[in-house]
Amino acid sequence: GAYLGLAASYALGPPSDLTQAKDAGMPDKVSDIMALIGTTILWVFWPSFVGATETGILENEHHCIVNTILALMASTTITFCLSQALCHGKFDPVHVANSTLAGGVAIGSAGRLDIGPGMAILTGCLAGSASVLGYVFSSPFLESKFKIYDTCGVGNLHGYPSVVGALLSIAFIGLDPDAEFLSQDLIPQMTSQLLGIIATLLVSMISGFGTGALVSSLKDASSLSYMDSEWWHLEY
């Protein structure tokens, strides 16, 4: 989904009034507070998201819960460390509201596997690092070089961490090759998952570009579609 959105953004191109669009997308005190409240709720409930399909198998459910909590703790810790290090000694609310959840995104691919606490923590650290670095370096690069405007940071919260988690899950099969839900032997299973990652990325980017191109051909170039007032009756 993240790469579908990025490909659609590439096809749509930059807004007609770039300066006004950037001003409209800037956070304020209220939006930051609401985002952080949402992050807290998601953090608390994320283990249940990962383990929702495993309630009938106690061991798998246990793995999902423990691995997710450890990954979230790790991504939260690394987010605060990197955010302060890269933002002149202060924390960026965007990083705290998003990158702290990256561990939960990444661990989903391997949540059921018996990978041990160390690997769950490693997953969270790598995912959180990828997310913060994406906000600091990748987003400006994509805007300047490819005119991809990731206004909600889906690539940094969901895109990069999901790829990190998917690639790690291939290696993690070797830690729990006898898991009852694996349908193939070690090497064929790892190959299948790698091919699945590639296919997912290709399908999402191709369909996203097609969707963006279709919307771009239909949109009114004079409208400011990123402004709430274009679509809503507002009192402010």
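Here are the numbers for this structure:
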quantity: Highest-first arrangement of 110-116, 138-144, where packing means the average Cβ count within 10 Å; calculated: 110-116, 138-144
quantity: Residue-normalised accessible area of the chain, given per residue in Å² at a 1.4 Å probe; calculated: 57 Å²
quantity: Accessible surface of M26 - all protein chains present, 1.4 Å probe, nearest 10 Å²; calculated: 130 Å²
quantity: As computed over segment 1-124, the Cα convex hull volume per residue (Å³); calculated: 126 Å³
quantity: Dmax and Rg, reported as Rg then Dmax, of segment 41-184 (C-alpha, Å); calculated: 15.6, 49
quantity: Simple spin-label estimate for A171 and K145 in nanometres, 7 Å along Cα-Cβ; calculated: 2.5 nm
quantity: Accessible surface of the chain [probe 1.4 Å, protein heavy atoms]: carbon and sulfur percent; calculated: 68 percent
quantity: Hull shadow area, averaged, segment 71-151 [alpha-carbon convex hull, nm²]; calculated: 5.6 nm²
quantity: Computed accessible area, D185, all protein chains, 1.4 angstrom probe, square angstrom; calculated: 120 Å²
quantity: Separation of alpha-carbon centers, segment 61-86 and segment 144-203, rounded to whole Å; calculated: 18 Å
quantity: Viscosity 1.567 mPa s, temperature 4 °C, Stokes-Einstein D of segment 63-111 from Kirkwood C-alpha radius, µm²/s; calculated: 118 µm²/s
quantity: Helix runs (DSSP H) in the chain reaching 20 Å along axis by Cα, Kyte-Doolittle at least 0.0; calculated: 29-51, 58-86, 116-133, 186-218
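The values are calculated or read from the model by the stated rules, or taken from the named source; none is laboratory data. In this text the structure is predicted, and so the values were computed from the model without any measurement. Cβ sites come from the backbone with ideal geometry, for glycine too, and all protein chains shown count toward neighbours. Areas reflect the complete protein model, heavy atoms only, side chains present, ligands, DNA and RNA absent. Shrake-Rupley method; radii C 1.70, N 1.55, O 1.52, S 1.80 Å.
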